[in-house]
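Here the structure is laid out as structure tokens; the discussion comes afterwards.
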Protein chains: 2
Amino acid sequence: MSNIRRFAPDARGDFRWEAVDTLRYKQEGSAPFKDITRQVLFAPADQATELRYFEIAAGGYSTLERHEHTHAVLVLRGSGTVQLGRETHAIGENDLVSIDPLTWHQFRATSNGPLGFLCLVSKERDRPQLPSEDERAALESR
Amino acid sequence: MSNIRRFAPDARGDFRWEAVDTLRYKQEGSAPFKDITRQVLFAPADQATELRYFEIAAGGYSTLERHEHTHAVLVLRGSGTVQLGRETHAIGENDLVSIDPLTWHQFRATSNGPLGFLCLVSKERDRPQLPSEDERAALESR
């Protein structure tokens, strides 16, 4: 059924929509992410793709990971950084980020406010890989 | 190659991005659209989908059409209306619009400013159909 789902930010101003579930990741000391939510905005039946919205709270970050599938990202709210391999780039509203297969990547919000972004992926995709200790050390050496 | 393409609005504030071509539709008296541009933001090689950005200038509108493929739309800028079958709905920033197969639809900007929206479609899709005179009359009768 064709429909409109209204933008309905919560009392804190965090981005929410009618009839869209918000998944809040578990927060654990050892978890390789911090303060991040995920909402699937679209997964059309006739399309092989999903459009998700991720929101990282101030000071939070996504998992440092890589995978065969690509990400296509548009920043919808706030600013922060994205690590692509050994480079880190500042990003802000409406910037576009293309992430190639097997590229290590991590998003971070600034300490001042949230970073929210759309992320387009194939519905069928491989599982993320996490870096080994050696790989992590190599990424951090400049 | 992973990359960042910066948001780079033009002197009028219309939404543009680095390294993204803007297609301005021909303006003809008989054309069933008015004052609309299209930019393909993402068409990832491993994904069967494209994310496009359409911007309709104040007072402009898209073609009234239908097709088998679905549209998944997120309003990025401004406000306006969308016709879905015989219903017309007001839409504003960050609202989500899902358009089912064979649903007549048309987007309009208000007279006060532009309406800009993201539109997700399959790369392989059928051509739009235009309404016959009878179909158009039926859509307009309330």
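The values are calculated or read from the model by the stated rules, or taken from the named source; none is laboratory data. Everything numeric here is computed off the predicted structure, so don't read it as measured data. Glycine gets a Cβ as well: all are built from the backbone with ideal geometry, and neighbour counts include every protein chain shown.
Residue B:52 meets all of the listed conditions (1) loosely packed, with under 14 Cβ neighbours inside 10 Å; (2) away from chain A (no Cβ under 11 Å); (3) closer than 17 Å to residue A:119 by Cα but one, namely (1). Do we find that residue A:14 is closer than 22 Å to residue A:109 by Cα, surrounded by 14 or more Cβ atoms within 10 Å (Cβ to Cβ) and acidic (Asp, Glu) in this structure? It is true that residue A:14 is closer than 22 Å to residue A:109 by Cα, surrounded by 14 or more Cβ atoms within 10 Å (Cβ to Cβ) and acidic (Asp, Glu).
Going by the conditions given, is residue B:72 crowded, with 16+ Cβ neighbours inside 10 Å, closer than 27 Å to residue A:124 by Cβ and of a type in the set (A, V, I, L, M, F, W, C)? Answer is yes for this residue. Sub-7 Å Cβ pairs linking a first residue in the range B:1-12 that is facing chain A (nearest Cβ under 7 Å) and part of a strand (DSSP E or B) to a second residue that is among the β-branched types (Val, Ile, Thr) and surrounded by 13 or more Cβ atoms within 10 Å (Cβ to Cβ), at least 6 apart or interchain, are B:4/A:91; B:4/A:97; B:5/B:20, ordered by first then second residue.
When B:42, B:33 are screened for being free of Cβ contacts under 8 Å to residues at least 40 places away in the same chain, in contact with a strand residue (DSSP E or B) (Cβ under 9 Å, 6 or more places away or on another chain), farther than 28 Å from residue A:18 by Cα and of a type in the set (Phe, Trp, Tyr), only B:33 passes. Only one entry of A:22, A:63, A:88, A:81 meets the criterion of being touching a Ser or Thr at 6+ places or on another chain (Cβ under 8 Å), more than 17 Å from residue A:123 (Cα to Cα) and modelled with pLDDT under 95, and that entry is A:22.
Annotation: residue A:33 fulfils all but one of (1) away from every other protein chain (no Cβ under 13 Å); (2) out of contact with any Pro (no Cβ under 9 Å at 6 or more places or on another chain); (3) closer than 27 Å to residue B:116 by Cβ; (4) crowded, with 18+ Cβ neighbours inside 10 Å; the unmet one is (3). Looking across the range B:92-129, the residues that are at pLDDT below 95 and touching a Lys or Arg at 6+ places or on another chain (Cβ under 8 Å) come down to B:128, B:129. When the range A:55-65 is examined, which residues are found to be surrounded by fewer than 20 Cβ atoms within 10 Å (Cβ to Cβ), part of a strand (DSSP E or B) and either within 12 Å of the chain's Cα centre (by Cα) or within 14 Å of another protein chain (Cβ to nearest Cβ) (or both)? Correct list: A:57, A:65.
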